[in-house]
Each structure stands twice: as structure tokens, then as C-alpha cells.
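All of the numbers you see were taken from the coordinates with simple rules; none came from a lab. Small disclaimer: the values here were computed from a predicted structure and weren't measured. Neighbour counts are summed over all protein chains in view; Cβ atoms, including those assigned to glycine, are modelled from backbone coordinates with ideal geometry.
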Amino acid sequence: MDDTKVGEIERLEDLAYELRAKLLQLCGTYEGAVHIGGDLSVADILTALFNYGLHVNPADIADPRRDRFVLSKGHAAVCMYIAMAIRGFFSYDDILKTYGQLGSAYGMHPCKVQLPGVECSTGSLGHGLPLAVGMALGARHRGASHRIVCLMGDGETGEGSVWEAAMAARSNELGNLVAFIDRNRQLMTSFAEERVVFEPYPDKWRAFGWEVVEADGHDMASLVAAIDGLPATDSGRPTVVICETIKGKGVDFMEHNLAWHAGSLGPADLERAMAALEASRRKAVA
Amino acid sequence: MPVTFTFGEMLSARSVIGSTLAELGEQYENLWVLTPDIGATLVEFRDQFPDRFLDVGLAEQVCVGIAAGLAYDGNIPVVSGMLPFLSMRALEQTRTDVCYPNLPVKIIGTHGGLVGNGGSTHYAVEDLALMCALTNMTVTSIGDPLMVGEVIRQSMQMQGPIYIRLSVGKSDAVLYEPGQHDVRIGKGIVAREGTDATIFTHGTTVLQALKAADQLALDGRSVRVVDMFTLKPLDGDLVERCAAETGGRFVVLEDHLAYGGLASRIADVVLDRALGLSSFERLGIPQVYAGFGDDEQLRDKHGYGLAATVAALRRAVAGASDPSKGTR
């Protein structure tokens, strides 16, 4: 790996740390529940996408050539808002001050009508990939060369509509469509495999005719390599990047802990979470 | 070449859909047609615009989801299929992916009502109640086959979604000469003038209402027939006018559950505007899963056929009450 790439990865790691810190700060300030577990599991993926993988421009959100990002796991909205704020789309202070309040554009699940810059309104699981297939068909028909990137949770792929969309994407040879899966192996109330047999998970996608890339969803070098290796948008096969992740990643008492699917941090817990995040970073650097 | 049709002639609404979409496909480069394996009457569009035609196979949910994605991308998608499945299997996609962001997706389908002899899996009888509940959705139900083309054409100018309900669509009676009525989405059509009572209806039962009005004319009674082809937004002003002009005597006839469809929507207007009717009777499908039989047999069996309609109108003009009131 050359020095430029090493520098880029370090920059992305710093941004992911900033994203997690800002997430925790919001979770410690906002009185309602935040889907902090799943936010932390996608923090690296969203950082890599908005700061490296996606061709988007905060100064021109209607640019027809922009890549389209579909957050199918809409409950990670706040993580996306902050990732987009770090990229320059929104103001983090606005998000922090107004999140979930009456009249705010920043709510638990994203709404395109209230928040331009977000590509579509999501939140009901299993709906994002069909939307992305439609966007990819439209793009290809126009001869446009942008990508459509859809982020799903692994639990979400229990929804049958995901597999309808997987078949439609393959049948229509949508090489401009890329799905990222946040494979954190936790549902809301259970560990996934205890309830639903997902494995052999990559083989399921292969059987549906998709190119499968397996990545470490918390290793920026791995995510960057996955993004660098994506096929050209005029190729004939959709790609899924299955990212192994940990729900609650970065805060030891939240990791693998079913209690932290959603919650809020009081002042004392916020301090504890921030210290844990800092410790986890030191460990990663060491 | 302009073609004229005369009252009573049979025409396939599906063929009108096919030719209208092919015509509009020429005019609108962003018009797409999608179907979950119900594409037989879409061949004209498919053959002329194969790259804007998508048959997803048996998958209603993704069909509507893809349509929403195409609409986000600046296209005007038409989803065509069978309504018992589109209106229920894809209800959440319709509500959340289409109506919530108010996208210009058109859902056109057949098998509204006890039609086609497919049994209860294949009758859409709750669909209008479901669709009328959705914010931003415009809801129509069309009997006259030529009107289908006109409504599709008008809907091209709409910002948001529209639901267009048809009967089986293979053989539909022409009700109106082209140009006879000013067809406008959101406005009811007075298909026949009258002063003693009004019968409101939509879709496949408009013809039956006209026949019933003919029979009442033989009694010396004048019954107004309103083709309320737009259920949402409902033409409340026309309802109010009919109350004033036809003695406050209303009968509502529809091939849909008697509660939840047009009758309920008209009843809402009556209450909201305190219209003070002298009679109100609804004829429609009771709370049963209907069995097999041809369309007319099923309407007769379930109490909203021609004879029942004539009887209801006779009660209305005589000021008598419905013996079965409140039991449906």
C-alpha cells in the first residue's frame, strides 16, 4: 500500500472516531432513545462511503451525476445525518440541538421531503433495496454512470422483499447497484443466528447471482479495498459487500449487548462511553 | 383515425390501457410500465419501448418498490396488475414508498369487486377502503372503458400517486359517447339526470344503476345516476347538490364492501355537511367471503344485483326504509 493510501486510511479513521464521538454526545444529550448499537456498527461504513466511496457534493445535492445512497436500515438515520454533516451536508450543531424535536428535519428515520440531501424516505425494513433497484434501472436507461449504494442491516435481510429485489437486480444485470450489509449478527431482541439461520450468508447472495465481497466493517483498509475493487458501473452484476461488524462497536459496555439496540446515555454514562471510546481507539492504534 | 363507440357496445378496458400507454410512451420519454407477470395487454408498450418495460415476475412488493425508485429518479412509472394482490401484498410499499414521498406512481389494475369468478383470493373487495386511507393517494374506479384512457392521460399531469380500479377489463360496456361528459379527476359525472332520488355508483355497477333508473322511469320516477368515479378526493359539492335537488334520497351501489367504500365516503360528506337526508341506503358486498359464480349471479346472491337495486330505489322514492338496514 502506498503512502497516499495509508494517509487516506488514517484520515478516514479519524473521521470515524469523530463520528462516534458526536453520536455519543447526541445520545447523551437527547432524552429519547437513539439506535446507538446499530449506529456504532455502521459508523465506519458510513464514514468510508461519504468520505471516500460515494461521488457526492454537498454544494450540489441535485447533481444528476451524483451517486445515490439509500439507507435501507433507516433506524441508523442519526449516524447518517452526522456522517453527512462531517462531509459538509448539514450542520452538526443543528442536528444536536434539534434532533427529534417538533419541527426538526432530523428524526429517528430519514424523510427526504423534510431533509433534502437525503435520497429517499426509509425506515420500514426491506424497502430500500427495491428503491435502489428502481434508481439503478433509471440510471442505466439514461446512460448515467453513477452508482446506487444501498446499506442494509443483516437482520433486515430476513424481509422477503429484499430477496425479491435481489432477484430483480440480477435479472436486470444491474452492475451499477451495490449493497453494503452491516453484518452485526444481532436483531433487536436476539442474537440473529439464534432465531434465523442466516448462514451460509455469503452463499445466499452468491446463489442469487450477486458478486460477493467480504470485508471487515471496522477496518478502514478493508472497506477502502472493497470500495476500490467494485466493478465498473456498466458491468452486468450487482455487488454485495458483506461487512462483518459489532453492534455497539467502540464502546465496550455496548458491544454485543442486546440492551443497547436503542437507548439514551445520562451524563455519567456519557462520560463512561466517551472514556471507553477513547480507550478503544488507543487499543486500535497500539 | 378517430373511432366512435356507442352505448352498450362492448370494449376491452385492457386494450384501452394498452393503446393509451403506448401512445403516452411516445409522448413521455420518462414513462415506464411495470407489471408482476400480468403483462398480456401491455404488449404494445412492451414492443415499442422494451427498455422502459419491466416484468418482475410474481413479486408485487418489489414491483411497487422499484416503481418508487424509478419515480425518485425522475420517471413516471405505471404499475399494472391484479388488484387483489397489488392492493394488499404491496400495500406497505404503496403507503410508505409511494405515498409518503408523494411520488407520481400510477397503480392500474383489474379484478375490483366480485368479478372474474376466481374466488375470494382473486376478488379485490377491500381495496378502495385501503387506498382511500392513504394520504396523498387519488383513488378512482372506472366502468366506461374509454374513460380509462382519459383518466390515464389526465393523470400524467399529477404530482402524486393515483389508483385506477377496473373490473376484469376484458369486455366492458361503453357507457358514454366520447366527449359526452367532461371527465375530470375529482369530479363526479351525472350519467343521467333525475329529481326523485340519486343513485351514486362507480365502476362496473354504473351500467346496472342506469338499467335500474330505466325501470324506475317505467314507474314514472326520475332517478339521477351519478358515476362517482373518483372516490378520493370526493366531489362533495356534487353530493350536496344531489341532496338538495333529489329530495335528500340517496342510494349508493358498489362492487366493494358496503362499508368502507363509496357509501362510507358519501356518508362522511353527509355528516360533515349536515345534509339531513330523508333516506340513505347502501348496496354492496356484505361481510362474507363470496363464493363462485358469474358476476351478475354473485351480485344477485349477495344482495346488490339489479333487482335489489330497483327495490332500493323504489323504497327510496316511496320514503320506505331498508328492511335489512344495519345488518350488512
When the chain is fully extended, how far beyond the present Cα-Cα distance does residue B:288 get from residue B:271, taking 0.36 nm per residue of separation?
3.4 nm
How would you rank B:53, A:191, going from fewest to most other Cβ atoms within 10 Å of each one's own Cβ?
A:191, B:53
What whole number of Å gives the distance from the Cα centroid of the range A:19-76 to the Cα centroid of the range A:103-149?
13
Quote the charge dipole size of the range A:165-286 about the Cα centre in Debye, to the nearest 20; the model charges only the Cβ of Lys and Arg (+1) and of Asp and Glu (-1).
140
Between residue A:4 and residue A:61, what's the calculated FRET efficiency when r is the beta-carbon distance and R0 is 25 Å? Round to 0.05.
0.30
Roughly speaking, what is the stretch gain from residue B:122 to residue B:27, that is 0.36 nm per residue apart minus the C-alpha to C-alpha distance, in nm to one decimal?
30.8 nm
Dipole-positive endmost among A:16, A:79, A:222 within chain A (Cβ charges, Cα centre):
A:79
For the range B:189-317, taking Cα atoms only, what is the radius of gyration to one decimal and the Dmax to the nearest whole Å?
13.6, 41
Beyond a 24 Å Cα-Cα separation, which of these cross-linked pairs lie in this structure: A:112/B:187; A:22/A:247; A:73/A:247; A:204/A:283; A:97/A:247?
A:112/B:187; A:204/A:283; A:97/A:247
Length gained when the stretch residue B:211-residue B:244 is fully extended (0.36 nm per residue, less Cα-Cα span):
9.5 nm
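Taking the Cβ of each residue in A:188, B:228 as the centre, tally the other Cβ atoms inside 10 Å and list the residues starting with the fewest. Please list the in-between numbers first.
Values: A:188 12, B:228 25.
Final ranking by Cβ density, sparse to dense: A:188, B:228.
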Two-site label geometry, residue A:173 and residue B:171: point separation in nm, points 7 Å out along Cα→Cβ
4.3
Rounded to the nearest 0.05, what FRET efficiency is calculated for residue A:11 and residue B:218 with R0 set to 60 Å and r the Cβ-Cβ distance?
0.10
How far is it, in nm, from the label point at residue B:92 to the one at residue A:271 when both lie 7 Å from their Cα along the line to the Cβ?
4.3
Scale the Cα Rg of the range A:104-228 by the rule-of-thumb value 2.2 N^0.38 Å and send over the ratio, two decimals.
1.11
When the helices in chain B are scored as -39500 (n - 2.57) per DSSP H run of 4 or longer and the sum is shared across all residues, what 222 nm value do you end up with, to the nearest 500 deg cm²/dmol?
-9500 deg cm²/dmol
Per-residue average of Cβ from other chains inside 10 Å of B:55-63
6
What nm distance separates the two modelled labels at residue B:184 and residue A:113, each placed 7 Å from Cα along Cα→Cβ?
2.5
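Between residue B:154 and residue A:221, what FRET efficiency follows from the Cβ-Cβ distance if R0 is 60 Å, with the result rounded to 0.05?
Rounded to the nearest 0.05, the efficiency is 0.60.
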Hey, fewest Cβ within 10 Å first, where do B:242, B:99 land in order?
B:99, B:242
To check you understand DSSP bridge types, tell me what percent of the beta bridges within the range B:189-317 (both residues inside) are antiparallel, rounded to 5.
15
In whole percent, what relative contact order does chain B give with Cα contacts below 8 Å and a gap of six or more residues?
16
Quick one: go through the range A:227-266 and flag any residue whose amide nitrogen is under 16 Å from the point 7 Å out along the Cα-to-Cβ line of residue A:194.
A:247, A:255-262
Any idea how far the Cα center of the range A:211-286 sits from the one of the range B:11-39, in Å?
46
Considering the options B:308, B:229, B:297, tell which one lies farthest towards the positive end of the dipole of the range B:204-328, charges being +1 on Lys and Arg and -1 on Asp and Glu at the Cβ, about the Cα centre.
B:308
